[in-house]
1. Treating the beta-carbon of each Lys and Arg as +1 and of each Asp and Glu as -1, no other charges, what is the dipole magnitude of the chain about its Cα centre, to the nearest 20 debye?
2. Tell me which trypsin sites (Lys or Arg not before Pro) from the range 31-71 have a DSSP coil assignment and no more than 15 other beta carbons within 10 Å of their own.
3. If you plug each phi of the range 31-38 into the Karplus form 6.51 cos²θ - 1.76 cosθ + 1.60 with θ = phi - 60°, what whole-Hz ³J(HN,Hα) values come out, in order, with x for Gly and Pro?
4. How large is ³J(HN,Hα), in whole Hz, for each residue of the range 7-15 in order, when computed from phi with the Karplus curve 6.51 cos²θ - 1.76 cosθ + 1.60 and θ = phi - 60°, using x for Gly and Pro?
5. Along the charge dipole of the chain, which of Cys43, Gly90, Cys24 sits closest to the positive end, that is, farthest toward it, with unit charges on the beta carbon of Lys, Arg, Asp and Glu (+1, +1, -1, -1)?
6. Please list, in order along the range 97-102, the HN-Hα scalar couplings obtained from phi with the Karplus expression 6.51 cos²θ - 1.76 cosθ + 1.60 (θ = phi - 60°), rounded to whole Hz, x for Gly and Pro.
7. Scan around Ala45 for amide H atoms under 5 Å from its own, H built in the peptide plane at 1.01 Å from N, and keep only partners 5 or more places away or cross-chain.
8. Along each of the three principal axes of the Cα atoms of the chain, give the extent in whole Å, ordering the values from largest to smallest.
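Derivation of every value follows stated rules applied to the coordinates shown; laboratory data play no part. All figures in this text were calculated on a predicted structure; none of them were measured in a lab. Methodologically, a virtual Cβ is constructed for each residue, glycine included, from the backbone with ideal geometry; neighbour enumeration extends over all protein chains shown.
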Amino acid sequence: MVESASQINSIRFTSEQDCNFIVCTATGFRIHETTSGKLLKACHAFEGGLMHCRPLGRSNIFMVVGTGKAASEERNRLVVWDDAVGKRVGSVQFHRSIVDIWTEGT
């Protein structure tokens, strides 16, 4: 699936140690190598799109926050995504919208 630039919600580096960046889109996230732009990983499992996404270290676990366009991806819900099994493995709902995510080692 090819997405247009207008569907990008956020971009950030994955960590200081990696030479990668993560792009949150209208359907999920993509990880690219910074120097070449090469696509390393793509996940299109979020129908409402993602606003924030951070990997947990170098594991297959990602912390994600949706755009609020789907009930399962609310702006005030932090979702724990296990990319190895391709599903949500947990979530925490807050009273207010989440504005950023920081994980250990990022």
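1. Details: 12 positive and 11 negative charges, 32 e Å.
Roughly 160 debye for the chain.
2. Details: sites: Lys38, Lys41, Arg58, Lys69; in loops: Lys38, Arg58, Lys69.
Answer by residue number: Lys38, Arg58, Lys69.
3. With coefficients 6.51, -1.76 and 1.60, one gets 10, 10, 6, 5, 5, 10, x, 4 Hz.
4. 9, 7, 9, 6, 9, 7, 6, 6, 6
5. Selected residue: Gly90.
6. 5, 7, 9, 6, 10, 10
7. Amide H to amide H, under 5 Å and 5 or more residues apart or across chains, Ala45 pairs with Phe29.
8. 39, 31, 26
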